[in-house]
1. Going by alpha carbons, how many degrees (0 to 90, nearest 10) lie between the helix axis of 176-185 and the longest principal axis of the chain?
2. How much mean residue ellipticity at 222 nm does the chain get from its helices, if each DSSP H run of length 4 or more adds -39500 (n - 2.57) and you divide by all residues, to the nearest 500 deg cm²/dmol?
3. Would you check the accessible area of residue 184, probe 1.4 Å, heavy atoms only, in square angstrom rounded to 10?
4. Under 10 Å, Cα contacts only: if you run a Gaussian network model on the chain, which one of 188, 30, 208 comes out with the highest mean-square fluctuation?
5. Where the centroid of each part is defined by its Cα atoms, how far is the range 25-98 from the range 204-229 in Å?
6. Using amide H atoms built in the peptide plane, which far-off residues or other-chain residues are under 5 Å from residue 149 H to H?
7. For a quick check, take a GNM of the chain with Cα springs below 10 Å and name the residue from 162, 197, 96 with the largest mean-square fluctuation.
8. Within the range 71-143, list the GluC sites (Glu not before Pro) lying in a DSSP loop whose Cβ has at most 12 other Cβ atoms in a 10 Å radius.
Amino acid sequence: MAALLAETDDDPGEETLDLMAEQVESGCLAGLDPADIWPELLLSLGGPAPGKAFRVLRICGALQVVLPEVDALFGVPQLSDGQNEVDLGAHLLRSLDEAGRREAPLPVRFALLVMNVGKGDSPREHLPHHYKHIDRGGPRINSIAERFGVPADCVPLALTALSECERVHRASEVRAGPVAQMLERLGAFDAPESFALLMEVCSCDFTAHSGRSGEAYPKAVLLETARDACLPIEPATPEARAEAIAQALRSQRWSNG
């Protein structure tokens, strides 16, 4: 029902939501094999407006039953630009809708759904920071994947997004050495398809922030420029790559004023 509702332009009426909530409260999801639930979640996740589908699931209480790790993100703050804060759950829904608009493949959508699950129980005294969320998130992503029988090709990207997405957001054109190391770590040279998928995850996460929908993701441009500068280098030593990146990014920064 959530997946079908997400394919319409209209919001579900209160009567429909109440009926769905009543079904959840009556235990209709209790005892179901998660492997049987996954095909329905897949319809929601793969549709044109996955954020809307998961919003409906949360409103009726189904998300808390089938994906409590994701449901726990709602109401949890995280810093955005500067000192602004976003609600992690609401941000997740916007990032999924961005993936839907881009017709992103399933691994990208799954990564956006689960990459922040380590933040749902961050100590309140530390909020809006989320110390050691990667340590908590990795086992949870693996548990979700095992529970539902998620396709194996989805898991590596989700784990990479967990550990690298925020680092990608912080990539700096004035630090050529760390950019070279990041490109190597992310497979930009030997696994370009995986690198491109991660850039799509990070781009959806970036444009989910208020006022950014439809914008180009500047860090993807930076990293792709840096990667392209390294491709002709032989031998491709870390030092040679860092020098090529420094020259390319200085040139780009200068040309942009």
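1. 50 degrees
2. Values: 14 runs with 160 residues, N = 257.
It comes out at -19000 deg cm²/dmol, rounded to the nearest 500.
3. 100 Å²
4. Among 188, 30, 208, the largest mean-square fluctuation in the Gaussian network model of the chain belongs to 30.
5. One Cα centre to the other: 24 Å.
6. Under 5 Å from the amide H of residue 149: no residue qualifies.
7. Per the Cα network of the chain with a 10 Å cutoff, 197 tops the list.
8. Values: sites: 85, 98, 103, 125; in loops: 103.
Sparse-neighbourhood loop GluC sites (Glu not before Pro): 103.
The values are calculated or read from the model by the stated rules, or taken from the named source; none is laboratory data. Values in this document were obtained by computation on a predicted structure and should not be read as measured data. When we count neighbours, we look across all protein chains shown, and the Cβ atoms used for this are built from the backbone with ideal geometry, even at glycine. For accessibility, only protein heavy atoms count, side chains too; no ligands or nucleic acids. Shrake-Rupley method; radii C 1.70, N 1.55, O 1.52, S 1.80 Å.
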